[in-house]
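Inspection log for the structure reproduced underneath, given as structure tokens.
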Amino acid sequence: MKKVTNNHQIDLPIAVWLLQQGYYSGADVAPKGELISVTTLMKPTRRLILERQVDQNTVQMDVSDLIASRVGHGLHDSIERAWTEGDWKGAMRRLHYPQSVIDRVLINPDPSEVGEDDIPIFLEQRGFKEVGGIILTGQLDFAINGAYRDVKTTSTFSYTSGKKDADYILQGSMYRYIMPELIWQDKMRIEFIFTDWQKFRAKADPNYPQTKVTHKEFPLMSIEETEKWIIAKLSEIQLNAKYTHQQNKLIRCSDYDLWKQADSYKYYANAETAKRNGRSQKTFDNLADAEQHKAEKGKGVVITVKGEVKACDYCPAFSICEQRKEYFPDV
Ligand code: SF4
């Protein structure tokens, strides 16, 4: 088990809440075989292989590192309870749904008993499927009338940049692949609850989310495409597993895996200013434009500034990964 610190003196009521284990792997009810979860499969292969080498007893974690995930879990739980214990019928009436529609809603029914007119809602359902010699498992949070929903507690940047859209689609597609009896629609929605939403920005920018909660719809990958992706990923893991102790041969994390920001190109009229790390005259997002600007000026230098790498900071393989040292050298 990881060693825990509380460097920011988070008070006991909250610290205990943060340390609750919210994860259930489903191993006790899984069919026989090697179990891999959808979220594990989506990790970069390098990370997946190296993190297994790290002795968890040597890893230190601060209680404050758990805040984002516990807040996310807390909101998931609360939404689930609204539909399993809350007055969801009363809420739907207040939202002007006719009684004839409300009467068709079934919460967590037996999928084999769902009739054509029923509107089934499935919550917190775990599924298993054998594929490529392993048992793939995942837990869907919410599906309504065969359409997958997931709640993400995240920054407005995730929403506006679309940087995580491919991951959302992949995750939803794998859940449909595992649980076709619960998800049969080919569109999914992500329900965003923003952690950094600001009213004044919403007023100033029509592209900024207009409320603290919103959603986006995505098309799922086809079943064939999804299966192809899973099998390709499994063989990539298998192929690389033999290089656990030869990191120079191990697959590298891509810029996407690293959450790397784009490189930028700074033009300095005076090379000496660049050497002193002084202020550049202009910054470009591609080298060709920067070089052209230099040619037009007839002097100066272009310096490439590598985009910041973020994922390593959150990666359990940080302490042993050689690639990480390229961005965060040991001191
Ligand atoms: S430490 Fe960085 S480079 Fe290494 S596996 Fe983790 S994310 Fe990839």
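A few remarks follow.
- Candidates Lys282, Lys43, Lys306, ranked by Gaussian network fluctuation over the chain, Cα under 10 Å, top entry: Lys282
- Of Lys2, Lys32, Lys212, the sequence from fewest to most neighbouring Cβ atoms within 10 angstrom is Lys32, Lys2, Lys212.
- Residues Met179, Met174, sorted so that the one with the fewest Cβ neighbours within 10 Å comes first: Met179, Met174
- One decimal place: the segment Gln56-Leu12 gains 13.4 nm when fully extended, by the rule 0.36 nm per residue minus the C-alpha distance.
- Mean ellipticity per residue at 222 nm, deg cm²/dmol - from DSSP H runs of n ≥ 4 across the chain, formula -39500 (n - 2.57): -9000 deg cm²/dmol
- Set of lysines with alpha-carbon distance to Lys32 below 18 Å, sequence-local pairs under 8 removed: Lys129
- For the chain, the longest principal axis of the C-alpha atoms and the axis of helix 67-84 are separated by about 20°.
- Calculated from backbone phi, Karplus (6.51, -1.76, 1.60) coupling profile of the stretch 133-146 in Hz, x at Gly/Pro: x, 10, 9, 8, 10, x, 10, 8, 7, 7, 9, 10, 6, x
- Longest site-free stretch - the chain; sites: GluC sites (Glu not before Pro), DSSP loop, at most 16 other Cβ within 10 Å: 182-307
- Spin-label model, Ser319/Gln247: points 7 Å from Cα along the beta carbon direction are separated by 1.3 nm.
- Label-point gap, in nm, between Glu291 and His96 - each point 7 angstrom along Cα→Cβ: 6.0 nm
- Crossing angle, helix 165-178 versus the chain [Cα axis fit, 0-90 degrees, rounded to tens]: 30 degrees
- The H on the amide N of Leu35, modeled in the peptide plane, is under 5 Å from the matching H of Ile135, each at least 5 residues off or on a different chain.
- Counted over the chain with a bin width of 10 Å, the fraction of Cα pairs per bin, in whole percents, is 5, 17, 27, 26, 15, 7, 3, 0.
- Segment Ala269-Asp165, length gained on full extension (0.36 nm per residue, minus Cα span): 33.5 nm
- In terms of the mean number of neighbouring beta-carbon atoms within 10 Å, the peptides 132-139, 67-74 order highest first as 132-139, 67-74.
- Crossing angle, helix 287-297 versus the chain [Cα axis fit, 0-90 degrees, rounded to tens]: 30 degrees
- Exposure proxy order (Cβ contacts within 10 Å, fewest to most) of His96, His8, His76: His96, His8, His76
- Less than 5 angstrom separates the built amide H of Thr153 from those of Ile193, all sequence-distant by 5 or more or on a different chain.
- Under Karplus coefficients 6.51, -1.76 and 1.60, residue-wise ³J(HN,Hα) of the stretch 205-217 in Hz, glycine/proline x: 9, x, 7, 7, x, 7, 9, 5, 10, 8, 9, 9, 9
- Each residue of the stretch 153-163 is assigned a 3J(HN,Hα), and the resulting list reads 9, 8, 7, 5, 4, 4, 6, 6, 7, x, 5 Hz, derived from the Karplus form 6.51 cos²θ - 1.76 cosθ + 1.60 (θ = phi - 60°), x at Gly and Pro.
- Residue with peak Gaussian network fluctuation, the chain [Cα springs, cutoff 10 Å], from Thr58, Thr153, Thr39: Thr58
Bear in mind these aren't lab numbers, they're just calculated from the coordinates by the rules spelled out. Quantities reported herein were computed from a predicted structural model and do not represent experimental measurements. Note: ideal-geometry Cβ built from the backbone for every residue, glycine included; neighbour counts use all protein chains shown.
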